[in-house]
Amino acid sequence: MKQAKVKFILASLVIMLLSSFVLAQTKLDFWSWRVEDIDEYNQIIQRFEAENPGIDVEFQAFEASTYNTVLTSALTAGEGPDIIHVRAYGNFETIAEPGFLLPLNDKVPALEAFPKLAVQGQTLRSDGQVYAVPFASQTLLVYYNQSIFDELGLTPPETWNEFLAAAQAIKDAGLIPIANGTATAWMDEVLVGALAPSFYGADFYNEVITGETDFTDQRFVGALKKLLELRPYLAPDFEGVDYATAQNLFLNELAGIFIGGSWEIANFRDQNPDLNFDIMAPPAAEAGSPRLVSWFLDGGYAVNADTENQDVAVKFANFLASQEFGQQLTDTLANISPVPGVEPNDPLLKKVADFNKNATPYIMLVGFRYEEPTGSVLLQERLPGMFAGNISPEQVAKETTEGIAGYYEPFQ
Amino acid sequence: MGIQRQTTNKESSRFTLPYRSRRILWLATLLVPPLLFFLTFVVYPMVTALIYSLYEWEGIGRVGFAGLENFRKLLFDQPFQGWTLNAFWHNVIVFVTLMIVQNGVALLLALLLGNDPWGTRFYQVVFFLPVTLALVLVGFQWRLFLNPLIGIVNRFFDVVGLEALSQPWLGQASTALFALIIVNAWRWVGFPTIVFLAAIRSIPYEYFEAARLDGANEWHVARHVTWPLIAPAVTIIVILTFIGSFNWFDLPYVMAGVDGPPGRATDVLGLYFYRTAFGEVSGGIQDFGRGSALAVLMFLFILLVSTFWTRILRSREVELS
């Protein structure tokens, strides 16, 4: 009797132990810089967890400007998360090149159907392997205040001259035409990225990448010169107007136009739900010529090469590459997902997707952000001076080219 | 004392260690924690930075021994050399201007308060108040104050009829660094004031009295009695201002940004280091090697110059005996 009791207890202990193994939650740490998207990510993750019992994904977001520092410190100390939200292009390579990420080519079959340009942003140039599932693309475009335009009887301008005329009309009405200033350097590059392509044309990117031409090309210099025509219409004392001030000018309906990225859509709606705004593709150089937008991949989801839960992490990466996830991301976060088959339902996102049909890569980020001094650094350093009238567009172009030529063979 | 110690020794020798060993053990217990702290948080990062600076880095991965290549790049290769010199020059400007504006004003205030005018305590508190505020808060507030559209600084100039002074202070290459230095001086002026004031107050009153009896005026008293006798305080303030100026990071980071806008007009070594080691999110690529090399150069420069300077200044101090 006693023996049977002991056996019974032992047996139950063994069963309990086994079941605890079976029911054990595999925890995946997922790090990102998207602090503003925590709730939406958690909702999407909850649905994944419901379909995949036993997997517990913990989403943690860090402030964007410190994310790089936090992530790289953790990775070098061998303590990074299982799933890593990485940026694209050069910034992505700083993590992928030293081997911190798991190659995903064979592990995430869906990647094959992704648009080439999107996958390129998460491909390590030295080995051609894809290390992250592309998550969203961004487009540089023009925002305008619909109410102000209606009130002044303005229609969205199609050409550069119409654009300047509209700006003049807003100015005459006592409002600030264009909210942008030049105090935040990366926003200056955005200004160039949004408005210059329609002037330098669709072929310029490939020609400059192959070294057929460089930035001293008249097409690029000419585009920079055109940008100087904006000066009377930018925010007053624009040299001192930073990104946040520019956003506020547009949000508070003090300015009629804001030039920026598609990431503002969700932000503007959130900050001022009453703001009646719309978007348009940057104006064409002249009537009949194409209205090009700058396009870039914002980042991707990578798997830590040292994760102890590789299988589960890869499973989650496959979910992140699925149409189901892409659609949720597009619908809840107002981001354009590059997952094939995803169709935006939002009217503004539909427009963005439409603009993307006439897109050229955001030139410095996609092409020249792999080595120091990056094209972005060189350009951003000089643009405030150019807008202030201290250096000429020719000088900006020449110095930028020389800076890149230091390491970029096609320019030498 | 001696008898007591003997008794303790006698009693304890049976059970415990002799007095000398116990004393050593006791000292060790007190010294080890701070020593460990110092080794972990000061020596270890310094040694790692030195090692990192000797390697070539690909992104955040260390690839191969590079010798002094990172240092060579920073000092002799364009555009790095240009950035290094530009940032260094700005640190020099910061130091010199702070010495004149911040410490000069502080000395003046201390001399005025040293005479114990009416309301001394009140002014002391007023001058010191900004020092107690969080620097991030000060930077953020002043950034708003200096905003060309909504800031109170330009509003003020407009109201008093000085429209010409209504400028985008932080957005112009010619004024941005100067604006940051003034804010820094506003924040810190209370500290040297208090140090100088304490030094002035420690001077025996008879010295002033003797000088005045000999017919010295206020300027003579300040120049020939007060100044030499507060020399030790001046040494401390000069050295602290020097170290602070060359490590300057937080205020320009909060008020201007990591890229030293506009167009590197506010770039200083601290920002340049941060940008190099951790990358500009919106433009640059990080390089631990070059970043560490820069940190090593900054450390050596500050160490050597401040040691040298302390010696010179100390030798000129007049000891108050």
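The values are calculated or read from the model by the stated rules, or taken from the named source; none is laboratory data. Everything numeric here is computed off the predicted structure, so don't read it as measured data. As a convention, Cβ positions derive from the backbone with ideal geometry for all residues, glycine included, and neighbour counts pool all protein chains shown. Heavy atoms of the whole protein, side chains included, go into the accessibility calculation; ligands, DNA and RNA do not. Shrake-Rupley method; radii C 1.70, N 1.55, O 1.52, S 1.80 Å.
If we only count helices (runs of 4 or more DSSP H) wholly inside region B:199-313, which ones have 1 or more residues that are free of Cβ contacts under 8 Å to residues at least 24 places away in the same chain, open to solvent by less than 20 Å² (accessible area, probe 1.4 Å) and within 14 Å of chain A (Cβ to nearest Cβ)?
B:269-278
Applying the selection to region B:152-174, what residues are surrounded by 15 or more Cβ atoms within 10 Å (Cβ to Cβ) and more than 9 Å from every other protein chain (Cβ to nearest Cβ)?
Filtering region B:152-174 down to residues surrounded by 15 or more Cβ atoms within 10 Å (Cβ to Cβ) leaves B:153-154, B:157, B:166-173.
Hits for region B:152-174 are B:153, B:157.
Identify all residues within region B:59-69 that are away from chain A (no Cβ under 11 Å), surrounded by 14 or more Cβ atoms within 10 Å (Cβ to Cβ) and of a type in the set (Gly, Ala, Ser); write none if there are none.
B:66
Going by the structure shown, is residue A:214 away from chain B (no Cβ under 14 Å), buried (at least 18 other Cβ atoms within 10 Å of the Cβ) and over 21 Å from the mean Cα position of the chain (by Cα)?
Spelling it out, residue A:214 is indeed away from chain B (no Cβ under 14 Å), buried (at least 18 other Cβ atoms within 10 Å of the Cβ) and over 21 Å from the mean Cα position of the chain (by Cα).
Taking the conditions exactly as written (aromatic (Phe, Trp, Tyr), more than 16 Å from residue B:185 (Cβ to Cβ) and either at pLDDT below 95 or within 17 Å of the chain's Cα centre (by Cα) (or both)), does residue B:242 satisfy them or not?
No.
Name the single residue that is nearest to the other protein chains (Cβ to nearest Cβ) among those in region A:171-186 being surrounded by fewer than 24 Cβ atoms within 10 Å (Cβ to Cβ) and part of a helix (DSSP H, G or I).
A:186
For residue A:209, which of the numbered conditions (1) open to solvent by 40 Å² or more (accessible area, probe 1.4 Å); (2) touching a Leu at 6+ places or on another chain (Cβ under 8 Å) fails to hold?
That leaves (2) as the condition not met.
Could you list, in sequence order, all residues of region B:70-103 that are within 14 Å of chain A (Cβ to nearest Cβ), open to solvent by 30 Å² or more (accessible area, probe 1.4 Å) and in contact (Cβ under 8 Å) with a residue 60 or more places away in the chain?
Within region B:70-103, B:73, B:86 qualify.
Go through region A:64-93 and give me each residue that's within 12 Å of another protein chain (Cβ to nearest Cβ), in contact with a Lys or Arg (Cβ under 9 Å, 6 or more places away or on another chain) and surrounded by 22 or more Cβ atoms within 10 Å (Cβ to Cβ).
Hits for region A:64-93 are A:89, A:90, A:91, A:93.
Would you mention how many residues in region A:347-391 are open to solvent by 40 Å² or more (accessible area, probe 1.4 Å) and more than 14 Å from chain B (Cβ to nearest Cβ)?
Residues in region A:347-391 being open to solvent by 40 Å² or more (accessible area, probe 1.4 Å) and more than 14 Å from chain B (Cβ to nearest Cβ): 7 in total.
Is there a residue being open to solvent by 20 Å² or more (accessible area, probe 1.4 Å) and within 14 Å of chain B (Cβ to nearest Cβ) anywhere in region A:99-114?
Yes, some residue in region A:99-114 is open to solvent by 20 Å² or more (accessible area, probe 1.4 Å) and within 14 Å of chain B (Cβ to nearest Cβ).
In the set A:194, A:235, A:202, which member is out of contact with any Pro (no Cβ under 6 Å at 6 or more places or on another chain), among the hydrophobic types (A, V, I, L, M, F, W, C) and within 28 Å of residue B:256 (Cβ to Cβ)?
The conditions single out A:235.
What strands (runs of 3 or more DSSP E) completely inside region A:234-315 contain at least 1 residues that are away from chain B (no Cβ under 14 Å) and under 30 Å from residue B:165 (Cα atoms)? Walk me through how you get there before you give the answer.
On the way: elements: A:255-261, A:277-280, A:293-303.
In region A:234-315, the matching strands (runs of 3 or more DSSP E) lie at A:255-261.
Among A:162, A:212, A:207, A:189, which is the only one that is within 16 Å of residue A:284 (Cβ to Cβ), acidic (Asp, Glu) and either in the same structural domain as residue A:376 (by TED's automatic domain parsing) or outside any loop (DSSP other than H, G, I, E, B) (or both)?
A:162
Of the residues A:48, A:30, which is crowded, with 17+ Cβ neighbours inside 10 Å, over 21 Å from the mean Cα position of the chain (by Cα) and either assigned to a loop (DSSP other than H, G, I, E, B) or at pLDDT 90 or above (or both)?
The match here is A:48.
Would you check if there is a residue in region A:211-220 being without any contact (Cβ under 8 Å) to a residue 60 or more places away in the chain and touching a helix residue (DSSP H, G or I) at 6+ places or on another chain (Cβ under 6 Å)?
Yes: one or more hits.
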